[in-house]
1. Which one is farthest from residue 50 (Cα to Cα) among residues in region 119-129 that are touching a residue at least 24 places away in the same chain (Cβ under 8 Å) and crowded, with 17+ Cβ neighbours inside 10 Å?
2. When only residues in region 24-48 that are touching a strand residue (DSSP E or B) at 6+ places or on another chain (Cβ under 6 Å) and under 16 Å from residue 241 (Cα atoms) count, which is surrounded by the most Cβ atoms within 10 Å (Cβ to Cβ)?
3. For region 146-164, which positions are within 14 Å of residue 218 (Cβ to Cβ) and over 19 Å from the mean Cα position of the chain (by Cα)?
4. For region 107-118, name all the residues that are buried (at least 21 other Cβ atoms within 10 Å of the Cβ) and either under 24 Å from residue 218 (Cα atoms) or without any contact (Cβ under 8 Å) to a residue 24 or more places away in the chain (or both).
5. Does residue 42 meet the test of being in a helix (DSSP H, G or I), within 23 Å of residue 123 (Cα to Cα) and touching a residue at least 12 places away in the same chain (Cβ under 8 Å)?
6. Among the numbered conditions (1) in contact with a strand residue (DSSP E or B) (Cβ under 8 Å, 6 or more places away or on another chain); (2) surrounded by fewer than 23 Cβ atoms within 10 Å (Cβ to Cβ); (3) without any contact (Cβ under 8 Å) to a residue 60 or more places away in the chain; (4) in a helix (DSSP H, G or I), tell me where residue 65 comes up short.
7. Identify all residues within region 210-264 that are under 28 Å from residue 151 (Cα atoms), out of contact with any strand residue (DSSP E or B) (no Cβ under 7 Å at 6 or more places or on another chain), assigned to a loop (DSSP other than H, G, I, E, B) and touching a residue at least 60 places away in the same chain (Cβ under 8 Å); write none if there are none.
């Protein structure tokens with residue numbers, strides 16, 4: 001992807017803010033806790049709004065709060081927005097990732113291609129990633145095993161992706177992905193998704209002290225957060241409104257970004273999730 005992108009993100013941020021306000025409205029109505037996450041959380045803390053060059057939005061829920069949100073969101077969203085779950089691409093037969101999303105229908109951020117068509121053009125829209133944190137068992141070995149099971153199911157699901165970027169993996173991980181994805185082709189994706197949802201519904205660790213981002217890609221499983229960091233939220237200014245962030249936001253930002261107050265070099269201040277001037281139609 002070129003580093004020469006100089007997109008005007010004004011309308012993108014306006015549209016992303018519309019989606020955030022809808023999520024916030026729904027959550028307040030049904031007393032559901034959510035929090036801004038990742039780059040959106042960093043923007044809230046460092047910029048009191050969006051990072052100027054950021055083109056996507058991230059929100060996080062605990063498992064119980066996400067399940068409540070998923071039950072009500074479809075009937076609450078306006079016509080311009082849709083809720084997309086991981087098993088809703090290509091008639092439920094394709095895998096993109098395990099992250100549910102709110103998408104803005106009247107937008108386009110990727111050039112039309114066979115890949116975007118394979119995913120019903122849903123991945124070419126502006127979206128809000130909905131991440132979920134699940135509890136981890138006590139004990140280092142048990143935690144590692146819990147994550148490994150997720151990795152195996154994720155690897156099987158990769159067998160139903162449009163294309164695997166093997167350049168993203170090195171050494172044993174490349175072999176691991178290759179073997180599992182080929183095995184995964186023998187298992188229909190609806191079956192693999194049911195396995196994933198069985199892991200989601202495990203109740204044994206819902207009160208445990210440590211949590212991890214269970215529906216993120218496995219390379220993010222190293223991020224572990226204290227449950228109290230995400231169980232408690234606080235309201236902060238964000239653009240022209242107020243939204244919620246985790247009460248324990250600072251340890252998380254230090255773990256993921258290091259010196260989070262420091263701006264990246266100018267050449268890295270570019271949109272990362274689009275390959276074209278983003279179009280918004282309404």
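The values are calculated or read from the model by the stated rules, or taken from the named source; none is laboratory data. Fair warning: this is a prediction, and the values are worked out from it, not measured in the lab. So basically every Cβ, Gly included, is an ideal-geometry build from the backbone, and we count neighbours across all protein chains shown.
1. Only one residue fits best here, namely 119.
2. Looking at residues that are touching a strand residue (DSSP E or B) at 6+ places or on another chain (Cβ under 6 Å) and under 16 Å from residue 241 (Cα atoms), I get 35.
3. Passing the criteria: 146, 148, 149, 152, 156.
4. none
5. Details: in a helix (DSSP H, G or I): yes; within 23 Å of residue 123 (Cα to Cα): no; touching a residue at least 12 places away in the same chain (Cβ under 8 Å): yes.
No; evaluated as a whole, the condition is false for this residue.
6. In the conditions (1) in contact with a strand residue (DSSP E or B) (Cβ under 8 Å, 6 or more places away or on another chain); (2) surrounded by fewer than 23 Cβ atoms within 10 Å (Cβ to Cβ); (3) without any contact (Cβ under 8 Å) to a residue 60 or more places away in the chain; (4) in a helix (DSSP H, G or I), residue 65 misses (1) alone.
7. 217
Matching residues to (1) under 27 Å from residue 13 (Cα atoms); (2) exposed (fewer than 14 other Cβ atoms within 10 Å of the Cβ); (3) modelled with pLDDT under 90:
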{"site": "185", "(1), (2), (3)": "no, yes, no"}
{"site": "213", "(1), (2), (3)": "yes, no, yes"}
{"site": "219", "(1), (2), (3)": "no, yes, yes"}
{"site": "256", "(1), (2), (3)": "yes, no, yes"}
